[in-house]
Amino acid sequence: MNRNLSVKLAMITALIVLLLIPLLLIGNLISERQARRDVVLDDIARSSSTNQQLSGPVLVVPYRKTEREWKTDDKTGNRYQQESHSSGRLYFLPQRFDLAADLRTELRARGIYEARLYHASNHIEADFQLPAQLGITDNLADYQFEAPFLAVGISDIRGIEAGLKLELDGQRLEFQPGTQVGWLGNGVHVQLPMLDASQARQLKIGFDLGLQGTGRFNVLPVGRESSVALKADWPHPSFVGDYLPVQRSVEASGFTAQWQTSFFSTNLQERLDICVQSLDCDNFRNTTFGVNLVDPVDQYLKADRAIKYALLFVALTFAGFFLFEVLKRLAIHPMQYALVGFALALFYLLLLSLAEHIGFALAYGLSASGCVLLIGFYVSHVLHSWRNGLGFGAGLAALYGLLFGLLSAEDYALLMGSLLLFAMLGLFMVLTRRLDWYGVGQGKAVQEVGNVA
């Protein structure tokens with residue numbers, strides 16, 4: 001290889017390395033704007049309500065226990081009975097737990113940023129099967145029971161949209177703030193009538209719960225048999241948690257999903273016993289499932305993915321530029337390479353700034369069109385041929401189209417990128433298969449283009 005060609009390739013390589021500086025700066029700007037967006041969305045969520053998790057209902061029966069122990073007086077030898085008192089609670093999970101939820105979404109904007117909130121209309125029904133003597137095997141006379149209450153955990157109580165009333169045996173009882181159960185977290189509770197502990201009893205309860213939240217809606221399936229039916233007007237659900245829906249349907253107008261669980265699959269009764277005895281309640285609280293209302297058009301995520309392909313994009317464009325140079329026997333100045341490279345870098349800045357206002361797809365089309373027209377116009381003068389400029393612009397437009405395909409096909413991005421590189425290498429080898437590389441760059445065979453006005 002002659003010296004002129006080696007110098008030209010070294011200059012092109014140096015230009016690609018130098019272009020990494022503005023590309024890195026634009027990449028940092030994308031991260032900064034994304035972080036700023038996340039801060040604003042978190043602030044909107046804090047001002048309204050955050051992700052919601054519904055835990056319960058759980059039936060709680062407080063009690064006081066009297067323990068009697070016979071002792072002997074050391075001086076007189078007389079025996080006497082000493083009493084001690086302790087307090088505790090009995091916890092009961094429902095035999096059947098049914099939840100029907102309808103989510104309506106809305107946008108809350110602050111500046112150029114938008115947060116997606118939902119309003120969940122929930123109807124909850126549950127059956128409690130209370131055994132005789134509440135399952136106590138000791139002497140029932142030693143126990144004094146207090147009025148039971150029902151506790152419902154709600155992770156962010158600011159999202160409760162209306163007053164809550166419980167329906168029990170034809171009665172309507174008012175909920176009160178707080179769960180009164182530390183390990184259940186935030187929520188509400190309602191006092192129930194006194195129970196006859198000597199007999200088995202079934203309690204059927206129901207209530208409506210309007211709940212506002214942001215992003216995610218989770219449910220803790222507390223029933224021995226739990227059924228959760230969820231529908232929403234958002235067509236991009238991401239089902240999360242320990243259990244996937246047994247049935248689901250996603251359409252352009254929204255989605256529906258249904259979950260079915262049992263104690264055999266959740267082991268929730270044992271996890272509750274561990275929680276009550278050792279206060280290690282993470283396993284109990286985290287046995288959840290639900291949905292995350294994701295935004296499929298995250299302009300910052302796509303812009304970040306786009307700039308990760310920037311080095312490959314610049315290298316392929318320079319390779320095409322260099323191919324025109326050697327095949328047409330033209331001399332293109334390194335400064336002309338640099339101007340084309342900076343135009344390619346500015347594409348990502350245009351993409352980011354436009355996507356914040358008009359959406360990613362339209363911003364990509366406008367940014368790519370502007371860069372293709374600018375570079376095509378410039379190259380047609382550099383190559384002294386509008387046909388060559390048109391051909392170069394068409395190839396650049398095809399590259400932008402392929403890049404958009406890479407950004408849209410997340411699962412097939414690696415495959416498409418590999419095929420693209422292989423195709424470009426094959427095209428370069430076919431076009432240069434008869435080229436005399438020793439003759440490339442010799443002054444007698446080159447028309448100086450860089451110095452033409």
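The values are calculated or read from the model by the stated rules, or taken from the named source; none is laboratory data. From a predicted model like this one, the values you see are computed outputs, not experimental measurements. Glycine gets a Cβ as well: all are built from the backbone with ideal geometry, and neighbour counts include every protein chain shown.
Which of (1) within 21 Å of VAL17 (Cβ to Cβ); (2) free of Cβ contacts under 8 Å to residues at least 24 places away in the same chain does GLY376 not meet, given it meets every other one?
(1)
What number of residues within the range 366-390 are surrounded by 20 or more Cβ atoms within 10 Å (Cβ to Cβ) and under 14 Å from ALA345 (Cα atoms)?
Qualifying residue count, the range 366-390: 5.
I need the full set of residues from the range 160-204 which are assigned to a strand (DSSP E or B), within 39 Å of the chain's Cα centre (by Cα) and polar (S, T, N, Q), in order please.
GLN176, GLN191
Could you tell me whether the range 107-122 includes any residue that is in the same structural domain as LYS231 (by TED's automatic domain parsing), closer than 25 Å to VAL181 by Cα and among the β-branched types (Val, Ile, Thr)?
No, that holds for no residue.
Do any strands (runs of 3 or more DSSP E) entirely within the range 236-320 hold 3 or more residues that are crowded, with 16+ Cβ neighbours inside 10 Å, and if so, which?
Where strands (runs of 3 or more DSSP E) fall fully within the range 236-320 and carry at least 3 residues being crowded, with 16+ Cβ neighbours inside 10 Å, they are 237-241, 254-262, 289-293.
Looking at the range 39-53, can you tell me whether even one residue there is at pLDDT 85 or above, in a strand (DSSP E or B) and surrounded by 13 or more Cβ atoms within 10 Å (Cβ to Cβ)?
yes
To keep it simple, each residue is scored yes or no on (1) under 30 Å from PHE322 (Cβ atoms); (2) in the same structural domain as LEU140 (by TED's automatic domain parsing); (3) buried (at least 17 other Cβ atoms within 10 Å of the Cβ); (4) among the β-branched types (Val, Ile, Thr).
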residue: PRO22; (1), (2), (3), (4): yes, no, yes, no
residue: LEU25; (1), (2), (3), (4): yes, no, no, no
residue: GLY56; (1), (2), (3), (4): no, yes, yes, no
residue: TRP70; (1), (2), (3), (4): no, yes, no, no
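So which of GLN199, GLN171, GLN180 is out of contact with any Cys (no Cβ under 6 Å at 6 or more places or on another chain) and at pLDDT 90 or above?
GLN180 is the lone residue from the list that is out of contact with any Cys (no Cβ under 6 Å at 6 or more places or on another chain) and at pLDDT 90 or above.
Is there a residue being loosely packed, with under 11 Cβ neighbours inside 10 Å and among the hydroxyl-bearing types (Ser, Thr, Tyr) anywhere in the range 74-83?
Yes, because at least one residue in the range 74-83 is loosely packed, with under 11 Cβ neighbours inside 10 Å and among the hydroxyl-bearing types (Ser, Thr, Tyr).
Which one is modelled with the highest pLDDT, of the residues in the range 326-335 that are buried (at least 17 other Cβ atoms within 10 Å of the Cβ) and out of contact with any strand residue (DSSP E or B) (no Cβ under 7 Å at 6 or more places or on another chain)?
Among those residues, the one meeting the criterion is ILE332.
Scanning for something of a type in the set (Gly, Ala, Ser) and surrounded by fewer than 17 Cβ atoms within 10 Å (Cβ to Cβ), does the range 212-225 turn up at least one residue?
No, the range 212-225 has no match at all.
Kindly provide the set of residues from the range 145-167 that are closer than 19 Å to VAL222 by Cα and at pLDDT below 90, ordered by number.
none
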